[in-house]
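Throughout, read-outs are computed from the coordinates displayed, never taken from laboratory work. Being a predicted model, the structure only gives us computed values, none of them experimental. Here the Cβ positions follow ideal geometry from the backbone for every residue, glycine too, while neighbour counts run over all protein chains shown.
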Amino acid sequence: MRSRYTAFAVGDGEYLRRSWHSSRRPPVVEIDDDQRWMFLEIVRVERGGPFDDTGVVEFVAHYRADGVRGSLHEVSRFAREDGAWVYVDGVIEP
């Protein structure tokens with residue numbers, strides 16, 4: 001999760017695409033250059049340890065866009081694919 005947040009923060013769309021589960025990977029990842037990611041809070045983690053094949057991360061990512069602060073609260077699912085953790089999908093929380 002932290003590496004994907006960092007990729008958003010530095011604008012590395014190719015890393016984001018590669019770190020997406022192959023069954024759901026988009027052909028291109030668009031990054032909004034006007035959105036500046038400020039910091040990441042990990043709220044909760046379920047599984048995702050060295051002996052797990054799946055995991056869940058709940059996080060709040062804080063950003064600034066057009067001079068206004070905002071946040072993205074998501075519960076994300078991850079899975080191991082070829083030995084690496086990849087993003088499967090997520091549910092955005094209000």
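Sorted ascending by nearby beta carbons within 10 Å, beginning with the fewest, Met1, Met38 become Met38, Met1.
Using the Cβ-Cβ distance between Glu41 and Ala84 with R0 = 22 Å, the FRET efficiency computed as 1/(1 + (r/R0)^6) comes to roughly 0.35. Enumerate by residue number the trypsin sites (Lys or Arg not before Pro) in the range 13-94 meeting two conditions: DSSP loop (anything except H, G, I, E, B), and at most 14 other Cβ atoms within 10 Å of the site's Cβ. Within the range 13-94, the qualifying trypsin sites (Lys or Arg not before Pro) (loop, at most 14 other Cβ atoms within 10 Å) are Arg24.
Restriction of the GluC sites (Glu not before Pro) in the range 6-91 to DSSP coil positions whose beta-carbon has at most 13 other beta-carbons within 10 angstrom yields Glu30.
Here the chain is described by how far its Cα atoms reach on the three principal axes: 43, 29, 19 Å, from widest to narrowest. The helix-only estimate of mean residue ellipticity at 222 nm for the chain, built from DSSP H runs of length n ≥ 4 each weighted as -39500 (n - 2.57), is -4000 deg cm²/dmol after division by the residue total. The relative contact order of the chain comes to 22 percent, based on Cα pairs under 8 Å that sit 6 or more residues apart.
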